[in-house]
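Below: one structure, written as structure tokens.
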Amino acid sequence: MALEVLEGRSCEGCTACCSFPPIRTQELQKPANLLCPHCADGQGCTVYDTRPTVCRGFYCGYFFIEELGPEWHPNNSGVVIRSEHFDEDVVTLLVLRLSPFLVSEEFAAMVGGWVAEGVGVEFERVGPPGHLPAKMRMNELLEEAVAARDLRAMHKVFAWSLAHIDRSHVWEPDPTVLSSELG
Ligand code: SF4
Ligand code: SF4
């Protein structure tokens, strides 16, 4: 997948990636699923000029995939497309909240398209604050429904998989201890 930031895309007040990932740099350590102490919720970074390199370089998939309409913006969809494994042809969909978007045709069409093309698709959920997220590979689970173009069956697999992660995953505590030399 191409990794060129598209013109006209912006965070628009989303601060999801200042919260869900663990950050482990020399100047900033932050456990997973905890809002960075330097983030003003809904506004963004308060140490923008000195933010770590890892923050400067991160854009979610909304910034790279031209086919995604505004309904895919994390603020609207509740889904963050993680871009870290695009070069391995894997798309990880971090589902932050269970929104009506997950049962929309747009979501099913895009996920089904990736599965049909052989792109790896993973669903991911955040753990409790201070715990690492958990993910599940979706391709084999969705193969039949995608081949049959059966939207209802796809929705069932989506719902089952997300519930399965939430109910049965043993969330692993993130040992990262909050500390910052910034600002
Ligand atoms: S998840 Fe995407 S839209 Fe949200 S803050 Fe991060 S890069 Fe911006
Ligand atoms: S330093 Fe700034 S950009 Fe990085 S996680 Fe914290 S608030 Fe977000």
Scan the stretch 54-76 and give yes if some residue there is of a type in the set (Gly, Ala, Ser), farther than 21 Å from Phe107 by Cβ and at pLDDT below 95, otherwise no. yes
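Do we find a residue being more than 7 Å from ligand 2 (Cβ to nearest atom), exposed (fewer than 14 other Cβ atoms within 10 Å of the Cβ) and within 14 Å of Asn75 (Cβ to Cβ) anywhere in the stretch 20-38?
Narrowing the stretch 20-38 to residues more than 7 Å from ligand 2 (Cβ to nearest atom): 20-22, 24-27, 29, 31-35, 37.
After this cut, where a residue has to be exposed (fewer than 14 other Cβ atoms within 10 Å of the Cβ) as well, the list is 26.
Next cut, within 14 Å of Asn75 (Cβ to Cβ) only: none.
The answer is no, given that none of the residues of the stretch 20-38 is more than 7 Å from ligand 2 (Cβ to nearest atom), exposed (fewer than 14 other Cβ atoms within 10 Å of the Cβ) and within 14 Å of Asn75 (Cβ to Cβ).
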Go over the candidates Glu71, Glu4 one by one and state the one that is over 21 Å from Pro129 (Cα atoms), more than 12 Å from ligand 1 (Cβ to nearest atom) and touching a helix residue (DSSP H, G or I) at 6+ places or on another chain (Cβ under 6 Å). Glu71
I'd like to know if the stretch 39-51 contains one or more residues that are in contact (Cβ under 8 Å) with a residue 12 or more places away in the chain, among the small types (Gly, Ala, Ser) and buried (at least 19 other Cβ atoms within 10 Å of the Cβ). no
Restricted to the stretch 4-14 and to residues being buried (at least 17 other Cβ atoms within 10 Å of the Cβ) and farther than 14 Å from Gly78 by Cβ, the residue farthest from ligand 2 (Cβ to nearest atom) is Arg9
So for the stretch 69-91 (the condition being over 22 Å from Leu35 (Cβ atoms) and polar (S, T, N, Q)), does at least one residue qualify? no
Picked from the stretch 74-96 (must be of a type in the set (Val, Ile, Thr) and in contact with a Cys (Cβ under 7 Å, 6 or more places away or on another chain)), the residue farthest from ligand 1 (Cβ to nearest atom) is Ile81
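The values are calculated or read from the model by the stated rules, or taken from the named source; none is laboratory data. Computed from a prediction, not measured in an experiment: that's the story for all the values here. Glycine also receives a Cβ, built like all others from the backbone with ideal geometry; neighbour counts cover every protein chain displayed.
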